[in-house]
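Colleague: To start, I am sharing the structure in question, which I have written as structure tokens.
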Amino acid sequence: MFERIVVGVDGSTANDAVIETAAKLSASTGGALVVLHVLDVWPSRGAAHEESEAAARSLLDTVKTRIEDAGGKVAGTLFARPGARGAAWEICETAKAERADAIVVGSRGHGAWAGAVLGSVSQRVVHHAPCPVLIVPSPDS
């Protein structure tokens, strides 16, 4: 059923639950994971600063090792620049390109007020995904 699964990772400690859940899903279904990291961009006075590609590759290598150590299968790792449409759009576009059967992302656990005001990547993914979405709550939510 879940042969190809896109997993969004961001390197936060809250994202550890996403990695663990994706590894278990892969191990139990035999599905291959495509691990995606959308580069962070921080605004500044002049131009925005972007996370380095080296940092992204390092994160993806670490996540791949963790998934494989937990019995999961990683078909590939990717990173993307968020562009004007943001991380959720990149996750959904990757799922389309990879012909994913599912997407696994985390919830940052904002309360109802912050979620309503700020929105979240996971909320946007749910609304635009081409396949089922599994949202893994952060351990502290």
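Colleague: Among the residues of the range 1-13, write down those that are in contact (Cβ under 8 Å) with a residue 60 or more places away in the chain and more than 12 Å from the chain's Cα centre (by Cα).
Modeller: The answer is Met1, Phe2, Glu3, Arg4.
Colleague: Continuing with this model, one more query. Which residue out of Gly30, Gly115 is more than 21 Å from Gly11 (Cβ to Cβ) and at pLDDT below 85? Quick ask: steps written out before the conclusion?
Modeller: Values: Gly30 fails: at pLDDT below 85.
None of the other options fit; the residue is Gly115.
The values are calculated or read from the model by the stated rules, or taken from the named source; none is laboratory data. The shown structure was predicted, so the numbers you read here are calculated from the model rather than taken from an experiment. Here Cβ is always computed from backbone atoms with ideal geometry, including for glycine, and neighbour counts include all displayed protein chains.
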